[in-house]
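J.: Just passing along the structure, written as structure tokens.
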Amino acid sequence: MGGMGGGGGMEMVFISLREEHIPEEGSERMAAGFQEMMLTGGLQVSVVAVDNNQMIALANNVLQVMEVRKFACNMEQVLKVEYDKKTFPGYHITEEERESLNIDENGNKIKDEVKSDL
């Protein structure tokens with residue numbers, strides 16, 4: 001998954017949708033819309049729906065990966081973007097959604113608190 005380090009392979013960026021924004025008819029149309037919007041902005045990547053709540057953007061290089069991440073995180077429908085074992089929260093998620101992802105506002109994993117009875 002990603003991390004090809006400048007090689008010629010495709011980089012996969014996983015885009016998860018927020019629960020209330022998952023279309024009843026599936027995310028294929030939304031994936032096509034995301035792809036079209038990115039193309040309009042000059043970013044030529046393929047976006048495919050893989051599940052009702054998840055899409056994958058196929059980028060050709062790390063620069064495209066960063067642009068996909070910026071675009072997707074700005075979309076109200078996006079819960080999180082994942083690439084190379086890193087999670088980036090969508091900019092419009094609620095505090096409850098952030099807690100369910102177990103990440104802080106910077107996208108860092110929150111360490112489980114050690115509970116003590118002392």
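The values are calculated or read from the model by the stated rules, or taken from the named source; none is laboratory data. Please read these numbers as outputs of a predicted model, since none were measured by experiment. Every residue, glycine among them, receives a Cβ derived from its backbone with ideal geometry; neighbour counts consider all protein chains shown.
J.: Does the stretch 15-55 hold any residues that are within 18 Å of residue 70 (Cα to Cα) and in contact with an Asp or Glu (Cβ under 6 Å, 6 or more places away or on another chain), and which are they?
T.: Result: 43, single match.
J.: Continuing with the same structure: How many residues does the stretch 59-118 contain that are at pLDDT 95 or above, among the acidic types (Asp, Glu) and assigned to a loop (DSSP other than H, G, I, E, B)?
T.: Going through the stretch 59-118 one residue at a time, the tally reaches 1.
J.: Of all residues in the stretch 57-66, count the ones that are closer than 13 Å to residue 38 by Cβ, in contact with a strand residue (DSSP E or B) (Cβ under 8 Å, 6 or more places away or on another chain) and without any contact (Cβ under 8 Å) to a residue 60 or more places away in the chain.
T.: Here the count works out to 5.
J.: Moving on. Do you know which residues across the stretch 5-16 are among the aliphatic types (A, V, I, L, M) and at pLDDT below 95?
T.: If the condition is that a residue be among the aliphatic types (A, V, I, L, M) and at pLDDT below 95, then 10 is the only one that fits.
J.: Restricted to the stretch 79-112, and to residues that are touching a residue at least 60 places away in the same chain (Cβ under 8 Å) and touching a Pro at 6+ places or on another chain (Cβ under 9 Å), which residue is surrounded by the fewest Cβ atoms within 10 Å (Cβ to Cβ)?
T.: Filtering first and then ranking leaves 97.
J.: Exactly one condition in (1) within 14 Å of the chain's Cα centre (by Cα); (2) exposed (fewer than 15 other Cβ atoms within 10 Å of the Cβ); (3) at pLDDT 90 or above is false for residue 32; which is it?
T.: Of everything listed in (1) within 14 Å of the chain's Cα centre (by Cα); (2) exposed (fewer than 15 other Cβ atoms within 10 Å of the Cβ); (3) at pLDDT 90 or above, residue 32 misses just condition (1).
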